[in-house]
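Just below is one structure, and these are the notes that go with it.
The values are calculated or read from the model by the stated rules, or taken from the named source; none is laboratory data. Bear in mind the structure is a predicted one, so any value in this text is a computation, not a measurement. Glycine gets a Cβ as well: all are built from the backbone with ideal geometry, and neighbour counts include every protein chain shown.
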Amino acid sequence: MEHSPLQKARYSYQPKLPLILRSEMDEIEAVEGAETTSAADQDKIKALFPNTFGQKEISFQKGKSKVEKKKQVVGVILSGGQAPGGHNVVCGLYDALKKADKNNELIGFLGGPSGLTDDKCIVFTDEYINEFRNTGGFDIIGSGRTKLETTEQFQKAATVCKKHGITAITIIGGDDSNTNAAVLAEYFKAQNTGVQVIGCPKTIDGDLKNDDIEISFGFDTATKTYSELIGNIERDANSAKKYWHFIKLMGRSASHIALECALETQPNVCLISEEIEKKAMSLSQIASYVAKSVADRANEGMNFGVVLIPEGLVEFVPEVKKLISEINDTLAAKAEEFEKAVTAKDKVAFMHKYLTAESDAVFSILPEDIQAQMMADRDPHGNVQVSRIESEKLVSSLVAAKLEEMRKEGKYNGKFNPLHHFFGYEGRCAFPSNFDSDYCYSLGYNAFMLIQCGCTGYLSSIRNLSAPATEWKAGGMPITKMMNIERRHGEDKPVIKKALVELDGNPFKYFSERREKWAKETCFTYPGAIQYYGPESVCDITTITLKLEQTK
């Protein structure tokens, strides 16, 4: 296989570990902390997890190990969407396992959780794993989105584990995947299988975050990758001086990516979904907010700019959320009648007939292509596929209409030429930054330490991440501590609570104090490409979000 010069160079990069994990394994002690409860709904979570609820926090400290050594055969699964650094979690897990005992084995289940239930796997070797060190992607074993949630799946998993002599499973995934890890751990413990389950926190969206998980892996690399692209576009905008760029960014459930990219690049406008929801802003108000920046800059002779938009924006606009709900209900109740509507005009007329007056008014101001997307794309449950709505085009078209109103009123006399972009897949498999290379390797190494000391139903936790890697803290936290009950598809389900952008948090405060200046002036910053070699002040920095969150 041919490799690029950078790929070859990255193979030899040795990720940095927290100081405690650099010790000999028999000099690392697992220290128990306080008993834990859940984020909310304690009685319900305890009832669902009687064998794993209330477990104690674990931290690794210098001391004498109490681990009884035995051969470990560990299975590893990559679950959900790709995130930079996943390969290093596997590499860290493998290296720790082999350091403990060269006879230990790591088995990779292929294609995600279904690899476990279908018994599709490979046994890792030095030669195989060395091809993936410090590289992006999940191609080392592939990933998948199968959920482990039925008793039949758990029984199959237990059978496969017994066949291979597996002592523990590590699941590398986001909030849903680690919820499944907790449920699997509970089942294995209840059935006395002897198989442990440890999770590792992954998602570029940054919404798997709490007191114990300071950042999910991949967020650092993805936001740096997007910020490089945004900086390039800002430089082009400032050079050509004739386009407004509307850029949609990943992040359906939370706006962490958009906020971090705004902090790194200082665009003219960045919409934050959580703020829009709290203020109950309408589409018209959002359009007016953006149009004001366009008009103010035009008055200074600057007919160009950059607007950042989170992928899930429309779901946070109360009137659009209501409209989507009505469309879902109407299409479910009147499916046969809707099927008879052949042309786009017929479908729009059909929808006008059944929407409430309030929702119909919102539907009417949408561009025709957005109307069509709302009626055409359905998920397996028959609902609107919100992530496919081109919110960047929606916002720019509403802004264009608002500017025309302002032009008629004599409040605007500029030129508005919008261009549209969506940055998503570009960031999911990038070469991991030094931070993500180090963090992910530490998460995997630490996961094996949790396995060695008998933990199950825990997430690998590396903390104090804004400090140099030597000062990072290693340990584990029961997954049930992060859970609450949410309504999913008509049923109450235990899930890890999603972290949204906190409007009273330091990152948003920093942004909100500066955005008025950014809206009027050209304050663009250009982060450039991720740097892997050079001074630590350039190569090892993490996100501005994490730095601000950990600033006292």
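For segment 136-250, which fully contained helices (runs of 4 or more DSSP H) count at least 2 residues that are under 25 Å from Pro507 (Cα atoms)?
219-240
With respect to Ser396, is the statement that it is modelled with pLDDT under 95 and either more than 30 Å from Ile58 (Cβ to Cβ) or assigned to a helix (DSSP H, G or I) (or both) true?
no
Pick from Ala237, Ala262: which is of a type in the set (Gly, Ala, Ser) and in contact with a His (Cβ under 7 Å, 6 or more places away or on another chain)?
Ala237
Under the condition of being without any contact (Cβ under 8 Å) to a residue 60 or more places away in the chain and part of a helix (DSSP H, G or I), which residue from segment 274-288 is surrounded by the most Cβ atoms within 10 Å (Cβ to Cβ)?
Among those residues, the one meeting the criterion is Ile276.
State whether one or more residues within segment 69-84 are out of contact with any strand residue (DSSP E or B) (no Cβ under 9 Å at 6 or more places or on another chain) and at pLDDT below 95.
Taking every residue of segment 69-84 in turn, at least one turns out to be out of contact with any strand residue (DSSP E or B) (no Cβ under 9 Å at 6 or more places or on another chain) and at pLDDT below 95.
If Ala474 passes every condition in (1) touching a helix residue (DSSP H, G or I) at 6+ places or on another chain (Cβ under 8 Å); (2) within 28 Å of Leu249 (Cβ to Cβ) but one, which one does it miss?
Tallying (1) touching a helix residue (DSSP H, G or I) at 6+ places or on another chain (Cβ under 8 Å); (2) within 28 Å of Leu249 (Cβ to Cβ), Ala474 fails exactly one: (2).
Filter segment 415-433 down to the residues that are part of a helix (DSSP H, G or I) and touching a Pro at 6+ places or on another chain (Cβ under 8 Å) and list them by number.
Within segment 415-433, Gly427 is the sole residue that qualifies.
Look through segment 404-440, keep the residues that are more than 24 Å from Arg463 (Cα to Cα) and among the acidic types (Asp, Glu), and return whichever of them is farthest from the chain's Cα centre (by Cα).
Glu409
Taking segment 33-47, which residues are surrounded by fewer than 15 Cβ atoms within 10 Å (Cβ to Cβ), touching a strand residue (DSSP E or B) at 6+ places or on another chain (Cβ under 8 Å) and over 23 Å from Ala474 (Cβ atoms)?
Ala40, the sole residue that qualifies.
Run down Glu392, Glu405 and say which single residue is among the acidic types (Asp, Glu) and either crowded, with 17+ Cβ neighbours inside 10 Å or in contact with a His (Cβ under 8 Å, 6 or more places away or on another chain) (or both).
Answer to the selection: Glu392.
Kindly check whether there is at least one residue in segment 93-115 that is farther than 21 Å from Tyr445 by Cα, without any contact (Cβ under 8 Å) to a residue 12 or more places away in the chain and part of a loop (DSSP other than H, G, I, E, B).
No, that holds for no residue.
Could you tell me how many of the residues in segment 517-552 are farther than 30 Å from Asp211 by Cβ, in contact with a helix residue (DSSP H, G or I) (Cβ under 9 Å, 6 or more places away or on another chain) and either polar (S, T, N, Q) or surrounded by fewer than 15 Cβ atoms within 10 Å (Cβ to Cβ) (or both)?
Going through segment 517-552 one residue at a time, the tally reaches 7.
Condition first: within 14 Å of Trp518 (Cα to Cα) and free of Cβ contacts under 8 Å to residues at least 60 places away in the same chain. Now tell me which residues in segment 289-325 satisfy that.
Tyr289
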